[in-house]
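A.B. asks: I have a structure I would like to understand better, so I am pasting it below and will then ask my questions one at a time.
Coordinate-derived values only; no laboratory data. Because the structure is a prediction, the values reported are computed rather than measured. Reconstructed Cβ throughout: ideal geometry from the backbone, glycine too, with neighbour counts over all protein chains shown.
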Amino acid sequence: MTESARAVVRLPNERGLHARPCSAIVSAALQHVSDLRVRCGGREADGRSILSLMTLAAPHGAELELEATGEDARVLIARLTELVRTGFGQLD
């Protein structure tokens, strides 16, 4: 059964959505079968592509809309929400 899930999160990282957070998002997304789209400031990126995510250029405090579609969409969104909440392990 295909499901979809969505969450809006705010970037707590001082440097925003740079290479390491993008890599963490892609790594999590690739461990799930669901597709992932990430939106910020009117732009949309493929959550399975580091380069695509980096084009969002999301700064500290920006809101990201995470949307997954697939059989494990809710699990993926829950995992990503926690990853962002904890600052991708980079908060001091």
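A.B. asks: If a residue must be farther than 10 Å from GLU65 by Cα and buried (at least 17 other Cβ atoms within 10 Å of the Cβ), how many such residues does segment 1-15 contain?
C.D. replies: Summing the residues that are farther than 10 Å from GLU65 by Cα and buried (at least 17 other Cβ atoms within 10 Å of the Cβ) in segment 1-15 gives 3.
A.B. asks: Can you tell me which condition ARG43 does not meet? The list is (1) within 14 Å of ARG10 (Cα to Cα); (2) more than 9 Å from the chain's Cα centre (by Cα), and all the others hold.
C.D. replies: Only one criterion is unmet by ARG43, namely (1).
A.B. asks: How many residues are out of contact with any helix residue (DSSP H, G or I) (no Cβ under 9 Å at 6 or more places or on another chain) and touching a residue at least 60 places away in the same chain (Cβ under 8 Å) when one looks only at segment 28-71?
C.D. replies: 2
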